[in-house]
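Please read the structure below before turning to the comments.
The values are calculated or read from the model by the stated rules, or taken from the named source; none is laboratory data. In this text, all values refer to a predicted model and were calculated from it rather than measured experimentally. Glycine also receives a Cβ, built like all others from the backbone with ideal geometry; neighbour counts cover every protein chain displayed.
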Amino acid sequence: MNTPGGWGPPPPGGPGPGVPPHLPSQVCVRHPNRPTALACTRCDRPACPECLRPAAVGQHCVDCVRAGQRDVRPVRTIAGATTRGAFVPYATYLLIAASVIVFAITAAQSSDVMNNQSPSRLFADWALWPRGIAQGEFFRIIGSGFLHFGPIHLAVNMLALYIIGRDVEHILGRSRYVAVYVTALLGGAAGALALQDSLSVTAGASGAIYGLFGAQAIVLIRLRQSPGPIFVLIAINVIISVSIPGISLWGHMGGLAAGTAATAGLLFVPGWLGNTGGPTSSSARLIGWGSIAAVAVLALAVIALRTLQLRSEFGYS
């Protein structure tokens with residue numbers, strides 16, 4: 001018999017006194033103050049709508065969703081780089097920022113944005129000057145890759161680095177990308193020192209960027225996509241290098257050769273040597289890094305031999 005303003009005794013197993021019979025007796029495991037008739041189809045624990053997520057079959061609680069995400073193997077590129085969420089090319093941005101900062105310093109030292117070379121002390125100290133290399137100033141090999149002759153030279157190179165660098169960094173991963181970039185920079189310096197006039201002064205990131213052009217071509221070939229567009233871009237840039245006086249053709253070609261060879265070694269040599277464990281296996285990583293190192297060592301060997309010739313030419317031996 002009901003009493004006014006209340007309910008009769010609860011049936012066995014039903015809700016306790018003071019709980020309307022239409023409310024469920026179970027509560028959300030994460031929110032004990034929320035009655036719920038829902039449950040996770042994976043772990044069967046009761047959960048409120050806020051704690052459930054749609055699944056292929058039924059709905060999963062947030063704890064099961066997190067556990068499932070931990071169990072999923074990360075997606076990797078052909079070079080073994082992990083791709084999680086939105087990719088941000090931090091290495092490319094840092095390389096661009098470094099060149100811009102160096103240019104700003106040289107422009108401030110020379111008090112001239114358009115003619116930032118003289119009398120900038122930094123430009124004089126870092127430019128790839130054969131006589132300086134002969135004197136043992138090997139820091140010029142890397143430093144010259146961050147110098148630029150005026151804002152147009154800087155803008156063209158940084159735009160190319162922004163466009164090409166992001167994709168190559170995404171595929172190779174940051175560490176391998178930076179290694180290929182530095183190797184191409186060394187190759188560009190080797191080409192400029194070995195094949196240009198010993199009185200010429202060279203600066204710019206062009207050699208390293210040409211190396212990224214070659215790296216992009218190798219990536220497309222490895223993905224079995226047409227490298228035609230990048231080949232056209234390389235051809236156009238080579239024509240420009242030949243046609244316009246003052247452009248370091250051999251610096252560009254050295255960088256192109258080094259970047260192409262380093263990336264080919266990273267993406268193809270492990271397979272040629274019988275690696276079957278994929279790009280993340282220890283043998284693939286070892287062979288890939290070894291290939292990049294071999295190209296870098298070759299570039300350094302060319303620089304060393306040319307340095308000996310320059311020392312003799314300038315009378316330092």
For helices (runs of 4 or more DSSP H) lying entirely in the range 206-317, having 3 or more residues that are within 22 Å of the chain's Cα centre (by Cα) picks out 206-222, 228-243, 249-267, 282-313
Pairs returned, first residue in the range 163-184 that is at pLDDT 95 or above, second residue that is of a type in the set (D, E), beta-carbon separation under 7 angstrom, 6 or more apart or interchain, are Y177/E169
Checked the range 152-210 for anything of a type in the set (S, T, Y) and surrounded by 24 or more Cβ atoms within 10 Å (Cβ to Cβ); matches are Y177, Y181, T183, T202, S206, Y210
Going through the range 261-286 in order, the residues found to be closer than 25 Å to Y210 by Cβ and either modelled with pLDDT of 95 or more or among the β-branched types (V, I, T) (or both) are A261, A262, T263, A264, V269
